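**Q** Before anything else, here's the structure in question.
The values are calculated or read from the model by the stated rules, or taken from the named source; none is laboratory data. What you see is a predicted model, and the numbers here were worked out from it, not measured in a lab. As a convention, Cβ positions derive from the backbone with ideal geometry for all residues, glycine included, and neighbour counts pool all protein chains shown.
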Amino acid sequence: MNSIKTDVVLDAKGLACPMPIVRTKKQINAMENGQILEVLATDKGSKADIKAWAESTGHLYLGTLEDGDVLKHYIRKANGELLDEPKHPNIVTNAALEQMLSEGRVKIIDVREEAEYAFSHIPGSICLPLGELEEKCEQLNKTDEVYVVCRTGSRSDLAAQKLSKLGYTKVFNVVPGMSEWKGQTEGL
């Protein structure tokens, strides 16, 4: 494989969500406009996360190459004005979602990777990893209330924004997500 010329290499190997994004944001803020950043990561979820983050902030996501267990993400820092990092306006806390669950049926979409979901998830939730969301979201009704959860609220924020852009009208981001979920779970 030919090597790709980059200006900065960021080692985020061994880090789990949201740390590859946090480190990428910090590094790209220190770079000059137009420079290329290579992010080395082992978190499989970073493939969708970094692409979605770059696109939502105005940076150019160039692509990802796999080198064994390492994902090499390439991002070009935007020239000029950056977009503000958008946040999905509809937010629900873990406690509020837990209360809704006790009162009846709630549609929950878990956008973590399948392995994360397998070990622990909210009973009745549907696993639709962020990277597969667009191709699999047709199983959702565009007018139903949908509560989107991930580990920390970052991927679910990106997913909620994406669903809204696709015409889903009642989408809520659950924060802080599974990392602090006190309600019932099931899994392996």
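Every residue, every condition in (1) modelled with pLDDT of 90 or more; (2) under 25 Å from Asp43 (Cα atoms); (3) hydrophobic (A, V, I, L, M, F, W, C), yes or no:
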{"position": "His73", "(1), (2), (3)": "yes, yes, no"}
{"position": "Val106", "(1), (2), (3)": "yes, no, yes"}
{"position": "Glu113", "(1), (2), (3)": "no, yes, no"}
{"position": "Ser125", "(1), (2), (3)": "yes, yes, no"}
{"position": "Gly131", "(1), (2), (3)": "no, yes, no"}
{"position": "Lys136", "(1), (2), (3)": "yes, yes, no"}
{"position": "Gln139", "(1), (2), (3)": "no, no, no"}
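**Q** Among all residue pairs at least 6 apart or on different chains, which show Cβ distances below 7 Å where the first residue, located in region 16-30, is farther than 14 Å from Ile75 by Cα and the second is of a type in the set (Ser, Thr, Tyr)?
**A** Filtered contacts from region 16-30: Cys17/Thr152; Cys17/Ser154; Pro18/Thr152; Pro18/Ser154.
**Q** If you go through region 18-32 one residue at a time, how many are exposed (fewer than 14 other Cβ atoms within 10 Å of the Cβ) and either touching a His at 6+ places or on another chain (Cβ under 7 Å) or assigned to a loop (DSSP other than H, G, I, E, B) (or both)?
**A** The total comes to 2.
**Q** So Lys165 fits all but one of (1) in contact (Cβ under 8 Å) with a residue 24 or more places away in the chain; (2) within 12 Å of His88 (Cβ to Cβ); what number is the exception?
**A** Checking Lys165 against (1) in contact (Cβ under 8 Å) with a residue 24 or more places away in the chain; (2) within 12 Å of His88 (Cβ to Cβ), the one that fails is (1).
**Q** Then there is this: Output the residues belonging to region 135-173 that are among the hydroxyl-bearing types (Ser, Thr, Tyr) and within 10 Å of the chain's Cα centre (by Cα). It would help to see each step written out before you state the result.
**A** Within region 135-173, the first condition is being among the hydroxyl-bearing types (Ser, Thr, Tyr), and the residues that meet it are 143, 147, 152, 154, 156, 164, 168-169.
Of everything in region 135-173, those that are among the hydroxyl-bearing types (Ser, Thr, Tyr) and within 10 Å of the chain's Cα centre (by Cα) turn out to be Thr152, Ser154, Ser156.
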